[in-house]
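First the structure, in the form of C-alpha cells, and then the observations on it.
Since every read-out is calculated from the coordinates, none of them should be taken as a lab result. No experiment lies behind these values; they were computed from the predicted model shown. All Cβ positions, glycine included, derive from the backbone under ideal geometry; neighbour counts span all protein chains shown.
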Amino acid sequence: MHNIFWQRISYNKSAFLSVTLLLLYFVVSLGCYILAVDNSADVNTQIPEIALHPPFVSMTFISLQNKDTQTENRLKKAFFGSNIHTELIPVVSWHEAKDSIILKKYTGKNQFTGEPLPTETITLSKSKELLNKEYKIIRKTFPFGTDAFGRCVYSRILVGSRISLTVGLSAVLISLTIGILIGLAGGYYGGKTDTVLMLFVNTIWSIPTLLLVFAIVLALGRGVHILYLAIGLTLWVDVARIVRGQVMSAKQNVYIDAARSLGYDNKRIMFRHILPNIIGPILVIAAGNFATAIILEAGLSYLGFGVQPPTPSWGNMLNENYGYALSGYYFLAVIPALTIVLLVLSINILGNSLRDYFDVKIDK
C-alpha cells in the first residue's frame with residue numbers, strides 16, 4: 001500500500017515537488033540555528049548601522065565576547081540557539097597598535113541616496129575596552145538582507161519556519177484528538193449521544209474561526225503555547241463532522257457485525273476496526289488543517305495576537321516591516337510572504353494527492 005502511494009507521488013511531478021519541499025522545510029526547521037547567520041536564541045542581534053541593507057550584502061565585523069562567559073552545551077546551542085551575548089561592530093578597516101586596536105567603523109548608509117556615511121574612527125584599548133574580552137575579526141553575508149533593526153532576515157526566516165511548523169503540527173494533533181473522539185462517539189452510538197454531540201459541534205462551527213481564536217487568546221493570554229492550543233481548539237470541528245459521517249457509513253459493513261458477534265466491546269470495534277478503515281479522509285482533513293493553522297498563525301502574529309517579538313515569526317516579520325516594504329524595500333515583505341505561500345501550497349498539493357489516493361472512485 002505504502003509502495004503504491006510513493007510510486008504515485010513519484011510519477012506526479014507537482015506532488016513529488018511538494019513532498020520534497022515539505023521535507024526541506026522540516027529539515028531546515030530542525031537545523032535552523034546551525035544554518036543561521038545569527039544563531040542567538042531569538043535571532044535578535046541588532047546592528048543598527050547595517051539596517052535595511054539589501055540581500056547578499058557582506059560586512060566585516062569585530063566580534064567582542066566576555067572571556068568569563070561559560071561554555072554552552074553544543075547540542076543545546078544547535079537546537080535552541082546561543083544565550084551568550086556577542087557584540088558586533090561593523091568595520092571598514094582596522095589595524096593593531098601596541099596596546100590597542102584602531103578601527104574605522106562603518107556607520108551606515110544614506111537612506112535616500114544609498115551612499116555610505118562617513119566612517120568613524122574608534123580606538124579600543126586592550127587594557128580597558130578589550131580587558132577580559134575575546135575579540136576576532138569576522139565576515140558575515142546576509143543572504144536575505146537586514147531589517148529595520150539591523151537583524152538578519154535570512155536567520156529569522158529559518159527560525160520562523162520552526163514556529164510555523166510547530167504550530168501546524170500541534171494544531172493537527174489537538175484537532176485530530178478532539179475531532180476523532182467526538183466523531184467516533186457520535187457516529188457509532190447515534191441517538192441522543194449523537195444529537196447532543198452534534199449540537200455542540202454545530203454551536204462551535206457557527207462561531208467564525210478567527211473570532212474564536214481571538215477569544216481564546218484574550219482569555220488565556222498571549223504566548224506561543226497558548227497560540228498552539230487556541231488554533232488547535234478551533235480546527236477540530238471539521239474533523240468531527242467528517243469522522244462522524246465515515247463512522248456512520250463504516251458501521252453498516254459486515255465486518256462490524258462479525259466483530260460484534262465475536263463479543264468485542266465497543267471501544268475495540270471503534271478504535272481497532274472502524275478507525276483504521278477511515279484513516280484516508282482523516283489524513284486529507286489533517287493536511288487541510290495543517291495549512292489552515294499556518295495561515296492562522298501568520299495572520300494572528302501579523303495582527304499582534306500571535307507570536308510576540310522578538311521571537312521570529314513570518315507573520316510578525318510582515319507586521320514589523322510592511323511600512324518599509326511600501327517604501328521600496330520589497331524583499332522585507334516578499335521573502336516571508338513567499339515562504340508562507342510555498343509551504344501552504346505544498347501542503348495543499350499533498351492533501352490533493354492523499355485525496356486522490358484514498359478515493360476509490362478515481363481510476364488509479
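The stretch 222-243 and the stretch 32-94 have Cα centres separated by 36 Å. Shape of the stretch 48-142 from the C-alpha gyration tensor: oblate (a/c of 1.5 or more and a/b not above b/c, with a ≥ b ≥ c the square roots of its eigenvalues). Of the beta bridges in the chain, as assigned by DSSP with both residues counted there, near 95 percent are antiparallel. By the equivalent-ellipsoid construction on the alpha carbon gyration tensor, the stretch 153-358 comes out with semi-axes of 39, 18, 12 Å, ordered largest to smallest.
What net charge is computed for the residues neighbouring Thr121, neighbours being all others with C-beta under 13 Å from the C-beta of Thr121, Lys and Arg scored +1, Asp and Glu -1? It would help to have the intermediate numbers written out before the result.
Working: positive: Lys104, Lys105; negative: Glu120.
Once all neighbours under 13 Å are counted, the net charge is +1.
Ordering Pro208, Thr107, Gly190 by the projection of their Cα atoms onto the charge dipole of the chain, which places +1 on the Cβ of Lys and Arg and -1 on the Cβ of Asp and Glu, puts Gly190 at the extreme positive end.
Fewest-first ordering of Leu52, Leu296 by other beta carbons within 10 Å of each residue's beta carbon gives Leu52, Leu296. Extension gain for Ala97 to Leu199 (0.36 nm times residue separation, less C-alpha to C-alpha distance): 28.8 nm. Straight-distance candidates among the aspartates and glutamates for linking to Lys128, with alpha-carbon spacing under 17 Å and chain neighbours fewer than 8 residues away dropped: Asp68, Glu87, Glu96, Asp99.
(1) 53, 20, 20; (2) 40, 22, 20; (3) 29, 25, 19: which one is semi-axes √(5λ) of the Cα gyration tensor in Å as calculated from this entry? Only one listed value fits the structure, namely (1).
Ranking Ser206, Ser327 by Cβ neighbours within 10 Å, fewest first, what do you get?
With the fewest neighbours first, Ser206, Ser327 line up as Ser206, Ser327.
Cβ crowding within 10 Å ranks Tyr324, Tyr106 as Tyr324, Tyr106, fewest other Cβ atoms first. When the trypsin sites (Lys or Arg not before Pro) in the stretch 105-141 are filtered for DSSP coil states and for at most 10 other beta-carbon atoms within 10 Å of their beta-carbon, the remaining sites are Lys128. Could you tell me whether the stretch 207-287 comes out rounded, prolate or oblate from its Cα gyration tensor? Rule is a ≥ b ≥ c as square roots of the eigenvalues, rounded for a/c under 1.5, then prolate if a/b exceeds b/c, otherwise oblate. Prolate is the answer for the stretch 207-287, as a/c is 1.5 or above and a/b outweighs b/c.
Rounded, prolate or oblate: which fits the stretch 190-249, taking a ≥ b ≥ c as square roots of the Cα gyration tensor eigenvalues, rounded meaning a/c under 1.5, else prolate when a/b beats b/c? In terms of gyration-tensor shape, prolate.
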